[in-house]
Structure formats: C-alpha cells, structure tokens
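Student: First, the structure itself, so that you have it in front of you.
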Amino acid sequence: MTGVKFLATADWQLGMTAHFLPAEARDRYRQARIDAIRRIGEIAAAEGAQFVVVAGDVFESNQLDRTVVARALTAMGEMPVPVWLLPGNHDPLDAGSIYLSEEFERQRPGNVHVFTEPGLLEVADGVDVVAAPWFSKAPLSDLVNDAIAGVDPDATRVRIVVGHGADWTADSGDLKSVKVADVEAAAAAGRIDFCVLGDHHSRRQVAAHTWYPGTPEVTRHREQDPGHVLVVELGDGDPVVTTHDVGQWAFDVVEAELSSRADVDDLDARLTALPHPERRAVKLRLTGTLSLQDKARLDLRLEHHGNLFGSIEHWDRHTDVAVLPADGEVGDLGLTGWAKDAVDELAEAGRTEGAGGQAARDALGLLYRLSGGAA
Ligand SMILES: [Mn+2]
C-alpha cells in the first residue's frame, strides 16, 4: 500500500454567529473562522500534506451572507493542496444547497472539490475517499456504513472514510448515527484504513481507526477540546495521528465560590491570568455570600474585565451571589434623611428569601458602590 499524509478537519461552521457576543466581538469572531482556513493551509504546507478533507458542516447553513462564501472560497483557494468538502447536516446537498448554487460554482477555486456522491472517489494516486455526504438534515440510515458497504478490500489502495454524524449509542437508538463498531470491523477486514467524522465539535478518538477532528475554532462553551486539526499518516502500520492547534478564540466557564474579599481577589487574579482576553468569551458561574463592600469590589473588577474580554457574562441559571451587609456597613455610608430610610428599607427587604430579596440586596450593593463605599 502507498503511504499518504493528509489533513483531517470538520465543522468549520463558517458564518456562524455567536449571538452572546457584543457586535464588535461578533465580527472578529466570524472573521476568525475564515482565518482558521488560512492557518490550516499553512499547516498543510509545512507538513507536506497531500490534501485536506473537511468532514461536513463546512458552512453553518445553506442560507449565508454571500461575503462568507466569497471569503471562505478565496481562503481555500490559497491552500497549496486540494481541499475536499463534505456536505453535513448543517449544509446538506438539498435543493437549497450552497454547493449546488451558481454562486458557489462561479467562485469555486480549482483546488476546491465537493463530495456530491456517496462511495469511492480517487483523491490522490493510490488513495480513495469513501464519502458519505448528507442530502437532507434527517437521513434515515447510517450513511457512513451505507457508503462502506459498497467497498471491497483492495490491498493496493488506501481508503479514507469521510462522514458526518454522532456516533451510535444504544440509548440514543438514532438510526442516522454512525455505528463505529461496524466501521472498525471494516478496517479489521482491510476494506478501509481510516475514518474521519464530523459533527462532534471536540477532538476525540472514538476507536483505533476513527476520529473526530473537532471544530478548528470553538463554537460553544461546553466543548471539551476544540481548536485543532489532525495530520494523519497512513502506511503499512497503525495510523499516525498528530494534533495541531489552530483556534484563536477560547470560550471559558469560570466557577467560583465567593465568601470573602480574598475570594474576590482570587477570582480577579484568575481572570487577569487568562491570555488574549479580547479573543475570549467567559461565562461566570458564581455562588456564595458577600458583604456590601466585597460585592462592590467584585462588580468593579468585573466591569474592568468586561472592557478587556470579548465577552464576560453571568451564566444566569448558575449564578447566585447573595449580598449580606456586614455589621456597621450600612451605617458607615454616613447617609441621612430619605437616603438612610431607603437603605434601611432595602436592608430589611434584603433579609427575605426569593427574587424580591435578591433584588433588594443587589440594589443595596449598587447604592453602596455609588455612595463611594467600594473605594
Ligand atoms: Mn457541526
């Protein structure tokens, strides 16, 4: 068998909008997905890869701003090697497919190809892809094993399966998910050599010959290990898979239990230590109880970080920081007259449970801060 070295990637989700980002960061994030294509091309050149396969969800949807398609195709055209695109569940080959549009064909660079048919297709000398494109968002069977079913063993050729979909689990029972055990059986029988799957956005080796490269640029806070592409070398031995970092953005979940000034300072230090905050979206999951002074300090520090980060926001359903005025804190503000009456009322209401109590404590915290108590 001839050896081959290629790049495996998937789930570019080009045109995806991160709605939780402010407009300024949203544009930069959208551009980052295009820039990732260029970095993938640089890795292909540096590694001497023969081609690139993208295992589905190249585009976020079939209805995209035309600037996304134009910029993506231009970036792909700059790659020094052929790029093979697989239609996935987000960009299926249906009647409205981007891949079948006049606009796509007119702008398609000569090195960019689309898998429009299931089954074997020669992509390099002695190398075939077993393609499993999606034709709708809801196929009724395991397209990957359907495609493999037509492949006979041929010791003289390398066979790379390129498919899309969740891996099958007994409890999902989903007909369209990929039965990885069957893929591995085909590998053991010498019918295929490797399988690249899209759909799962975190990098993951599912079995000896089956990998999800994951998305090259993070798409959700819950992803375990996004931001990579795989360099795959196939020859006479086992597959050799090397991970390369591509992603420029990071989505973090930062958790903290806050009950003292030291806890607030510790959280502040953790946020300060995160590199490239302008390309980072943080969801905060904060719990605990703080005095008026410490809560005001927290709010000030978060306001500062909010100016630096792509976005920083409270993850509402997981955030619950109560404010409990410490002894003398309210009196220390030196308020008199109606202002003091308001503070006393809020302090009273703040002792109650529920949303009303929380609102009163938040108001008290804000009033404390605005009165100069945080200084
Ligand atoms: Mn996807």
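The values are calculated or read from the model by the stated rules, or taken from the named source; none is laboratory data. Since the structure is predicted, the reported quantities are computational estimates derived from the model, not experimental observations. Neighbour counts run over all protein chains shown; Cβ positions are idealised from the backbone, glycine included.
Student: Here are the criteria: (1) within 15 Å of the ligand (Cβ to nearest atom); (2) surrounded by 15 or more Cβ atoms within 10 Å (Cβ to Cβ); (3) not hydrophobic (A, V, I, L, M, F, W, C). Tell me which single one ASP263 does not satisfy.
Tutor: The one condition ASP263 does not meet is (1).
Student: Restricting attention to segment 212-223, does a residue exist that is in contact with a Pro (Cβ under 7 Å, 6 or more places away or on another chain), outside any helix (DSSP H, G or I), away from the ligand (no atom under 13 Å from the Cβ) and small (Gly, Ala, Ser)?
Tutor: Taking every residue of segment 212-223 in turn, none turns out to be in contact with a Pro (Cβ under 7 Å, 6 or more places away or on another chain), outside any helix (DSSP H, G or I), away from the ligand (no atom under 13 Å from the Cβ) and small (Gly, Ala, Ser).
Student: Quick one: count up the residues across segment 133-172 that are of a type outside the set (Gly, Ala, Ser), under 17 Å from VAL114 (Cα atoms) and more than 16 Å from the ligand (Cβ to nearest atom).
Tutor: Selection size over segment 133-172: 3.
Student: Just wondering, is there one or more residues in segment 26-35 that are more than 16 Å from the ligand (Cβ to nearest atom), over 22 Å from HIS228 (Cβ atoms) and out of contact with any strand residue (DSSP E or B) (no Cβ under 7 Å at 6 or more places or on another chain)?
Tutor: yes
Per-residue answers, yes or no, for (1) free of Cβ contacts under 8 Å to residues at least 60 places away in the same chain; (2) closer than 30 Å to THR210 by Cα:
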{"position": "PHE251", "(1), (2)": "yes, yes"}
{"position": "VAL264", "(1), (2)": "yes, no"}
{"position": "ARG285", "(1), (2)": "yes, no"}
{"position": "ALA296", "(1), (2)": "no, no"}
{"position": "ASN307", "(1), (2)": "yes, no"}
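Student: Turning to a different aspect of this structure: For segment 50-62, indicate whether the set of residues that are farther than 16 Å from VAL114 by Cβ and either aromatic (Phe, Trp, Tyr) or away from the ligand (no atom under 16 Å from the Cβ) (or both) is non-empty.
Tutor: yes
Student: What number of residues within segment 270-312 satisfy the criterion of being surrounded by 14 or more Cβ atoms within 10 Å (Cβ to Cβ) and not in a helix (DSSP H, G or I)?
Tutor: Qualifying residue count for the region: 17.
Student: Given the residues VAL144, VAL158, VAL114, which is the only one that is in contact with a Phe, Trp or Tyr (Cβ under 7 Å, 6 or more places away or on another chain) and either touching a residue at least 24 places away in the same chain (Cβ under 8 Å) or of a type in the set (Ser, Thr, Tyr) (or both)?
Tutor: The match here is VAL114.
Student: While we're on this one: Name the pairs whose Cβ atoms lie under 7 Å apart, with the first residue in segment 67-86 and over 20 Å from VAL123 (Cβ atoms) and assigned by TED's automatic domain parsing to the domain that holds VAL54, the second small (Gly, Ala, Ser) and modelled with pLDDT under 95, and 6 or more positions between them or separate chains?
Tutor: Filtered contacts from segment 67-86: VAL68/GLY15.
Student: Another one. I'd like to know if segment 188-205 contains one or more residues that are within 16 Å of the ligand (Cβ to nearest atom), assigned to a strand (DSSP E or B), surrounded by fewer than 20 Cβ atoms within 10 Å (Cβ to Cβ) and over 11 Å from the mean Cα position of the chain (by Cα).
Tutor: The answer is yes, given that some residue of segment 188-205 is within 16 Å of the ligand (Cβ to nearest atom), assigned to a strand (DSSP E or B), surrounded by fewer than 20 Cβ atoms within 10 Å (Cβ to Cβ) and over 11 Å from the mean Cα position of the chain (by Cα).
Student: On to the next question. Being within 16 Å of the ligand (Cβ to nearest atom), under 19 Å from ASP193 (Cα atoms) and not small (Gly, Ala, Ser), is that true of even one residue in segment 74-92?
Tutor: yes
Student: Which residue is nearest to ARG108 (Cα to Cα), if the candidates are limited to segment 44-67 and must be surrounded by fewer than 20 Cβ atoms within 10 Å (Cβ to Cβ) and either in contact with a Cys (Cβ under 7 Å, 6 or more places away or on another chain) or of a type in the set (A, V, I, L, M) (or both)?
Tutor: Filtering segment 44-67 for residues that are surrounded by fewer than 20 Cβ atoms within 10 Å (Cβ to Cβ) and either in contact with a Cys (Cβ under 7 Å, 6 or more places away or on another chain) or of a type in the set (A, V, I, L, M) (or both), the one nearest to ARG108 (Cα to Cα) comes out as LEU64.
Student: Got a sec? Which of ALA45, ALA32, ALA49, ALA75 is under 16 Å from the mean Cα position of the chain (by Cα) and not basic (Lys, Arg)?
Tutor: Going through ALA45, ALA32, ALA49, ALA75 in turn, just one is under 16 Å from the mean Cα position of the chain (by Cα) and not basic (Lys, Arg): ALA32.
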